[in-house]
Structure formats: structure tokens, C-alpha cells
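The structure under discussion appears below in the form of C-alpha cells.
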Amino acid sequence: MRRVIVAVVALVVLLGANVVAYRNDRQIDLSAGSRFTLSPETRSLAKAVRSELKVTAFASPKGGVATDARFLLSRYHQVNRRITFSVVDPDAHPTQAARLGITQYATVVATYQGRRVDAADVDELEISTAILRLLRGKTRNACFVTGHGEPSLDDTSPDGMSQLAAALRHNAYEPRAVDLTKGDVPADCAFVAVAGPTDPLVQREVDAINGYASRAGRVFVMATPASNADPNPLLAPWGVRFAGGLVIDPDRSQNLDFDNVIAESFPSANPVTRGVSRLQLPAGGGLLVDAPKDRPGLTVSRLAESSARAFVETRPDIETTFDALDIPGPVLLATASDDSHVEQQATGEKIVRSRVIAVGDAAWATNRYLGNLSNARFLLNAVNWLAEEEQLVATTSRPANDRPLPLTPERQRRVLIVSVGVVPSLIVAAGVAGLSLRRRRRGRGA
């Protein structure tokens, strides 16, 4: 009788498991780097689609590209049923390929509300960027002030910013150089960036940027201590001051290079720091918040800070040890200013909102450092926050499998305490406890 009951229970469990499996079509992604699992950012983007969006991938069935395309695109469809897809062999359907102007394999065509965007490859980054552009409706201009020794957006060397330009293009922004000595900020700029100038801006340029910012403009200032340029005329109206100097952090730095700061403290809830775990800010200066009390509409968020042991060395050419002339930590490394006020216009009252982001370093955005830690995520979050597009979370490529954890002096001490102190102590304690237990057993046996 007991065997019958066990068999019946086993049968019921088996049937129940089959019913659950039938009603759920979940799959496990065992690919390298989980490349067929959509990132949280892409899932949020897909959920923002409000009407039918069709994705057509033109791929040859040879080599498994078409199979991979179907697998990946099915993930988008699972997130949002409004996203439909098809994979077409251009050799088997030349008329359809010719009608859409397809000349290369692996080209993706996405259409939405009468608009079309093409992607150059069948991968998550390219497809998500195409969806982002369709949702936005157009590519916006990211304007960079030039003519003062700034790193070039075309420079592929470690000190250039070509990777920054590529990241912007992948997120539906087109980098554009602007010369403000010849005119005002163009009206089609989503934001204006002053990225690490080594020579001062002339007064006309400062006035053009400040005038633009006050008219609901967006400004991204990357200052650098290694410069003759003073960013404070651009920052002071927004409650921020660049202290200059050189940030030294004995606790959170790249090994023993104390001015190569690893930021791990993000005290505000600003969307700019969403998904940001660590930043690498080499050779940067400190920032100070000095918001005027007579502007209730102005708020300044403290985006990133150093450790409490850090300080701003005001004389880095002479020394790098803390003294009475230096600014004690924690040092403010990045800020976000948001100013909203009501203006009386001919058509009535209008809310004017200005946004300014300041970082006390410019090298973090160069090719040498942009791919490190969460630097790229911080950049794209900042760009979307400036453009008031927080709902369109930046679509970045999946992080590399090799993601080294910076072994800062603070972390080295923790490792030393655990490996030299805690672990041996536990081993000794376990040995003492075992010896004591054996003695007790011998005493009872006697």
C-alpha cells in the first residue's frame, strides 16, 4: 500500500511539473557572456514602445547568424509583444532586399510610426540604439566647444575622445564641434560640453554659454587642473566652484598612485549615478558647492565624493602631503545643478529649467579611461539627464567579462585584515575548540 501511495505522489508531482513547464517558456542563456540575455537598460527601452515596432534582420542562414538573430530578437518580443521581427535571407528574397536598399548582410531595418532606422549589425547594442532613435524621433546634436586645446573627438590615441564620440553616436547623439567665437550656441544643440580645455575661453564664449544656459540650456563642464582655463565663470551661476588643486586620496586610489582616484561614494539619488558603482578620475581637482540662498529653484546634487581621508592639494608641484593650506575631505568630485524658475512671457508664465553637470576632471572621459569601471555609464547617464531623457536609459554595450576590481589601499587593508587576522584567528579558534572538546571526552571516559 505504501508503494502505491509513493507512486501516486510521484506521478502527481511529475504531472504538476509538466503543467508548469508547459505554461512557461522560459529558457536559460548559456552563451558566452550571456549575449542573448537583454540588459536591464534594453528591457526598459523595449517597454517604452507604445505601438507596433517591426524589426527586419537581413542575414544569411550560413554560419548561424540568422539563428542567432532570431534568438536575440525573440527576447525583444518577449519583453513587449508590440515589437515584432522577421529574419530574411537577402539571397532568397532579393526583391525585398532591393526594395529596402539592403546591400550588406546582417543589416537590420527597424520601423516605427512611419519612421525607419537602420542598424549595421545584429547585436543588442545596434538594435537597441535603433529603437532609441525611433522612440526619440531624431538624432540630436551633442555640441562640443573647440579651439582651446581640448582632446579631439576624432583622436583614437589614448588621450583622445573618439570612444566618447562613438558612445554618443550609439545613443542617438551626433557629436558636433562648435566655435563660439563666431556666434551663439546653435539652437539645435541638445547640450554644450566644455571638455578639458587647456587654454582659457574668451569672454564672448563665456557669455554665449552662460546666456544659453540661462535660457533653459544644458551644459557639461569637465574641468582639469592641468589647464590655464578657469571654469568658474561657467559654474558659479549654478552654485558650484572649481577649487582646482589636485585630489589626493590615500584610501581610494589606483594602487599607490594617490591622485588616480577611485570614487565609490555617490551620496545623491540623482539619475546620473544610476547603475554607477565606481568611477576612475585620474589627476582631477576638487569642487565646492556654493549655492546662493536667494534662488530657491536651484538644487545642487553631490554626485561623487572621495573618501574621508582624501584632500585637495593646493600646491601639487611642491608636495602631496596634507597641511593647513589644503582642503580636507571628503572631496566633491562631480555635481549636477538643476535650476527651475518661472518667467513671465507674452504668452503667459513659462517654467524655464537649466541643467549643468560639473566634473573636476577631464581625463576620465578619454580613450584611456572611458572604458574603465562605470565611467561610460556615468557619461551616458549624464548626457540623458542633461537632455531630460531619463526615461530613455542609455544603451551601452554589455560589459566585458574581465572586470577587474581596483585594489585600492583601503581594500588592500581589508584583505590584509581578513587574510592575516580574521582567517588565522578562526583557524586557531577552531583548533582550540576541537582540542577542548577532545579533552572533555577523555575526561568523561576516565
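Given 0.36 nm per residue, what is the gain on full extension from residue 430 to residue 91 after removing their alpha carbon distance, in nm? Numbers along the way, then the final one.
Numbers: separation 339, 0.36 × 339 = 122.04 nm, distance 7.04 nm.
Here the answer is 115.0 nm.
Return 157, 374 ranked ascending by Cβ neighbour count within 10 Å, so the fewest neighbours appear first. List each step's numbers first, then the result.
On the way: 157 12, 374 18.
Fewest-to-most Cβ neighbours within 10 Å comes out as 157, 374.
Using a Förster radius of 35 Å, what is the FRET efficiency between residue 318 and residue 340 based on their Cβ-Cβ separation? Nearest 0.05, please.
Details: r = 43 Å, r/R0 = 1.24.
Rounded to the nearest 0.05, the efficiency is 0.20.
For residue 74 and residue 349 in one chain, what is 0.36 nm times their gap in residues minus the Cα-Cα distance, to one decimal in nm? Intermediate values should be presented prior to the final figure.
On the way: separation 275, 0.36 × 275 = 99.00 nm, distance 4.77 nm.
Length gained, residue 74 through residue 349: 94.2 nm.
Based on the Cβ-Cβ distance from residue 202 to residue 166, what FRET efficiency comes out when R0 is 41 Å, to the nearest 0.05? Spell out each step's value before the answer.
Values: r = 30 Å, r/R0 = 0.74.
The computed FRET efficiency comes out at 0.85.
Rounded, prolate or oblate: which fits the stretch 292-355 when a ≥ b ≥ c are the square roots of the eigenvalues of the alpha-carbon gyration tensor, with rounded for a/c under 1.5 and prolate only if a/b beats b/c? Each step should come with its number before you reach the end.
Values: a/c = 4.25, a/b = 3.49, b/c = 1.22.
Note, shape of the stretch 292-355 comes out prolate.
Only residues of the stretch 66-91 count here: report those whose backbone N is under 17 Å from the spot 7 Å along Cα→Cβ of residue 104, or say none.
Within reach of a label on residue 104: 66, 90-91.
So which lysines can residue 47 reach, going by Cα to Cα under 21 Å and dropping same-chain residues fewer than 8 places off?
Output for residue 47: 138.
Expressed in nm to one decimal, what extension gain is obtained for the pair residue 269 and residue 256 from 0.36 nm per residue of sequence separation less their Cα-Cα distance? The partial results should precede the final answer.
Details: separation 13, 0.36 × 13 = 4.68 nm, distance 3.07 nm.
That pair, residue 269 and residue 256, stretches by 1.6 nm at full extension.
Residue 291 versus residue 84, label points 7 Å from Cα toward the beta carbon: distance in nm?
Each label point lies 7 Å from its Cα, and together they span 5.0 nm.
How big is the antiparallel share of DSSP beta bridges in the stretch 139-386, given as a percent to the nearest 5?
Close to 65 percent.
Among 305, 52, what is the fewest-to-most ranking by other Cβ atoms within 10 Å?
Lowest to highest Cβ neighbour count: 52, 305.
Arranged by the count of other C-beta atoms within 10 angstrom, fewest first, what order do 150, 349, 41 take? Numbers along the way, then the final one.
On the way: 150 23, 349 8, 41 20.
Starting with the residue having the fewest Cβ neighbours, the order is 349, 41, 150.
Compute the distance from the alpha-carbon center of the stretch 74-121 to that of the stretch 189-216, in whole Å.
Going from one Cα centre to the other spans 41 Å.
Take the alpha carbon atoms of the stretch 292-338, find their center, do the same for the stretch 225-258, and report the distance between the two centers in whole angstrom.
Between the Cα centres of the stretch 292-338 and the stretch 225-258 lies a distance of 7 Å.
With unit charges on the beta carbon (Lys/Arg positive, Asp/Glu negative), name the residue among 134, 162, 146 whose Cα is farthest towards the positive pole of the charge dipole of the stretch 132-178.
Highest projection toward the positive end goes to 134.
Where a ≥ b ≥ c are the square roots of the eigenvalues of the C-alpha gyration tensor, would you call the stretch 35-134 rounded, which needs a/c under 1.5, or, failing that, prolate if a/b is larger than b/c, or oblate?
Values: a/c = 2.00, a/b = 1.37, b/c = 1.46.
Oblate, because a/c is 1.5 or more while a/b does not exceed b/c.
Considering the convex hull of the alpha carbon atoms of the stretch 139-386, report its projected area averaged over all viewing directions, in nm², one decimal. Each step should come with its number before you reach the end.
Numbers: hull surface 55.3 nm².
Orientation-averaged projected area of the Cα hull: 13.8 nm².
Only the coordinates and a few stated rules stand behind these numbers; no lab work does. Everything numeric here is computed off the predicted structure, so don't read it as measured data. Please note: Cβ atoms are built from the backbone with ideal geometry, for glycine as well, and neighbour counts cover all protein chains shown.
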